[in-house]
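All remarks here apply to the structure that follows.
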Amino acid sequence: MRSALRMMVESQPDLELAGEAADGHEALALVRLMRVDVVLMDLRMPRLDGIQATAAITAEQPATRVIALTTFDLDDYAFPAIRAGASGFLLKDARAEEIVEAIRTVHAGHAVVAPSTTRRLLEHVATAPAPDNGRAADIRATLTPRELDMLLELATGDSNAEIARRVHLSEATVKTHVGHVLAKLGLRDRVQAVVLAYETGLVGPRS
């Protein structure tokens, strides 16, 4: 799998392979040694698994983005990976062009999550037994009314362009509001914003 990913990256003129790691400890050491923009992280590894490695990397190197890779769509690691700070989550059987495009997308500051995994993430948080009402109140106190509305719009999973049409704002204005929401709440990307909105009960499951 590493050989295939290496050839995939090296075939792209705009990408450069920083290195390879056989487990989480090696991955963490590599990121500490070199400036790494994006990490393709296997979630199931010996010694230090991908969840722990992702949490350590995103905590120590905020500029480094992580795309989690797993074999199974039903993998229980999906939600913990996002919670640990992963900006992307893909299946290992994704097409080469999907993985390469995901690297570029995540590097640009956006999130990439396989659609079926997104549904499972939302099902997980939407059916949680007890929303964090205290944090919901903190969010309401932190955001302006417009920014709170934008957080709720993000929870639909729609793009900035789709949100802009719905709320009758320019796409640039929506992008600015989204940036303010992420910055004020200390979130890395839109996926974490969606998860937070469901976890805190600000939005509920949709039919």
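The values are calculated or read from the model by the stated rules, or taken from the named source; none is laboratory data. If you're wondering where the values come from, they're calculated on a predicted model, not measured in any experiment. Using ideal geometry, Cβ is built from the backbone for each residue, glycine included, and neighbour counts are taken over all protein chains shown. These accessible areas exclude ligands, DNA and RNA; they are computed on the full protein's heavy atoms, side chains included. Shrake-Rupley method; radii C 1.70, N 1.55, O 1.52, S 1.80 Å.
Tabulated data for the structure shown
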read-out: Conditions (1) open to solvent by 50 Å² or more (accessible area, probe 1.4 Å); (2) acidic (Asp, Glu); (3) at pLDDT 90 or above; number of the one not met by Glu162; value: (3)
read-out: Filtered residue count, segment 18-48, keeping only those that are within 18 Å of Ala63 (Cβ to Cβ), free of Cβ contacts under 8 Å to residues at least 40 places away in the same chain and open to solvent by 50 Å² or more (accessible area, probe 1.4 Å); value: 5
read-out: Wholly enclosed helices (runs of 4 or more DSSP H) of segment 134-207 bearing at least 1 residues touching a residue at least 40 places away in the same chain (Cβ under 8 Å); value: 145-154, 171-185, 190-199
read-out: Val9 vs. criteria surrounded by 21 or more Cβ atoms within 10 Å (Cβ to Cβ), β-branched (Val, Ile, Thr), in a helix (DSSP H, G or I) and over 16 Å from the mean Cα position of the chain (by Cα); value: no
